[in-house]
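S.K.: To start, I am sharing the structure in question, which I have written as structure tokens.
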Amino acid sequence: MKNLLIITTLFVLGFVSSCKKDETTTPAKSKKEIISSKTWVVGEVTSSGISAYKRENKPADNLYDLSKVILKFNADGSLTGVDNNGKAVSSAKWSLSMDESKITITNTGINGLDGDLPIVQVTDPVFEVKGKVTLTTPIAGTYDGNIKLVPQ
């Protein structure tokens, strides 16, 4: 009888210790959550294969100086930050389309960033949209381009 009790106890302990805790998976963040969780700066602007701005370049190697641009997309739909002239952005707004494929940005004062912009990608380290880029060389004009924002 004593052996039966010991065997039963060992069996129960073995069974209990072999059970794994259910792993909880964190649901993927929505684009809105990713966008509003960071403060963004311009990492790169390209158009037609031409780099108009790259953050790691020397200022002389860029067509534009966007190093002052800082954007904070707040969860309430407001957008704050600094434009490319160092002026505070205070009355700007943003919203996503229902399917989160486009972002609408208004009143930033930043050329090429205001309007309805198709989203290229939103991941933890990159937020990229299609916008309008004005080039002065090689052929002056306003063209479709990509604006890549990275966390500050």
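The values are calculated or read from the model by the stated rules, or taken from the named source; none is laboratory data. The structure displayed is predicted, hence computed values, not measured ones. No Cβ is skipped: glycine too gets one built from the backbone with ideal geometry, and neighbour counts run over all protein chains shown.
S.K.: Test Val133 against the criterion of being aliphatic (A, V, I, L, M), touching a Ser or Thr at 6+ places or on another chain (Cβ under 6 Å) and assigned to a strand (DSSP E or B), and give yes or no.
M.R.: So Val133 passes the test.
S.K.: Now for a different question. Taking the stretch 85-130, which residues are polar (S, T, N, Q) and assigned to a loop (DSSP other than H, G, I, E, B)?
M.R.: Across the stretch 85-130, the qualifying residues are Asn85, Ser97, Ser101, Asn107, Thr108, Asn111, Thr123.
S.K.: Can you work out which of the residues in the stretch 55-76 that are over 17 Å from the mean Cα position of the chain (by Cα) and outside any loop (DSSP other than H, G, I, E, B) is surrounded by the fewest Cβ atoms within 10 Å (Cβ to Cβ)?
M.R.: Among those that are over 17 Å from the mean Cα position of the chain (by Cα) and outside any loop (DSSP other than H, G, I, E, B), it is Ala60.
S.K.: A further question on this structure: Select from the stretch 86-110 the residues that are closer than 20 Å to Thr134 by Cβ, touching a strand residue (DSSP E or B) at 6+ places or on another chain (Cβ under 8 Å) and of a type outside the set (Val, Ile, Thr) and list them in ascending order.
M.R.: Within the stretch 86-110, Ala92, Asn107, Gly109 meet the criteria.
S.K.: Among the residues of the stretch 142-151, is any within 16 Å of the chain's Cα centre (by Cα), over 15 Å from Val41 (Cβ atoms) and not charged (D, E, K, R)?
M.R.: Yes: one or more hits.
S.K.: Then there's this: Test Asp99 against the criterion of being under 13 Å from the mean Cα position of the chain (by Cα) and surrounded by fewer than 16 Cβ atoms within 10 Å (Cβ to Cβ), and give yes or no.
M.R.: The answer is no for Asp99.
S.K.: Here's another thing I want to ask about it. Please count how many residues of the stretch 98-136 are within 22 Å of Ser48 (Cα to Cα) and of a type in the set (Asp, Glu).
M.R.: Selection size over the stretch 98-136: 3.
S.K.: Any residue in the stretch 94-111 that's under 17 Å from Asn74 (Cα atoms): show its pairings with residues that are among the acidic types (Asp, Glu) and in a loop (DSSP other than H, G, I, E, B) at Cβ separation under 8 Å, as long as the two are six or more apart or on different chains.
M.R.: Once the first residue is under 17 Å from Asn74 (Cα atoms) and sits in the stretch 94-111, its partners that are among the acidic types (Asp, Glu) and in a loop (DSSP other than H, G, I, E, B) give Ile105/Asp114; Thr106/Asp114; Asn107/Asp114; Thr108/Asp83; Thr108/Asp114.
S.K.: Taking Ser47 and the conditions (1) under 19 Å from Thr134 (Cβ atoms); (2) of a type outside the set (Lys, Arg); (3) in contact with a Pro (Cβ under 8 Å, 6 or more places away or on another chain), which numbered condition does it fall short on, given that it satisfies the others?
M.R.: It fails just one condition, (3).
S.K.: Pairs, please: C-beta under 7 Å, at least 6 apart or cross-chain, first residue without any contact (Cβ under 8 Å) to a residue 24 or more places away in the chain and in the stretch 32-59, second of a type in the set (Val, Ile, Thr) and in a loop (DSSP other than H, G, I, E, B)?
M.R.: No pair meets every condition.
S.K.: All but one of (1) farther than 20 Å from Gly77 by Cα; (2) touching a residue at least 12 places away in the same chain (Cβ under 8 Å); (3) among the small types (Gly, Ala, Ser) hold for Ala140, so report the exception by its number.
M.R.: (2)
S.K.: Given the condition under 18 Å from the mean Cα position of the chain (by Cα) and loosely packed, with under 13 Cβ neighbours inside 10 Å, answer yes or no: does some residue in the stretch 77-94 qualify?
M.R.: no
S.K.: Step by step: first the residues of the stretch 17-50, then only those that are of a type in the set (Ser, Thr, Tyr) and closer than 30 Å to Ala140 by Cα, then the one that is modelled with the highest pLDDT. Which residue is that?
M.R.: By that ranking, first place goes to Thr46.
S.K.: Right, next: Inspect all residues belonging to the stretch 37-50 and state whether any of them is in a helix (DSSP H, G or I) and of a type outside the set (Phe, Trp, Tyr).
M.R.: No, every residue in the stretch 37-50 fails to be in a helix (DSSP H, G or I) and of a type outside the set (Phe, Trp, Tyr).
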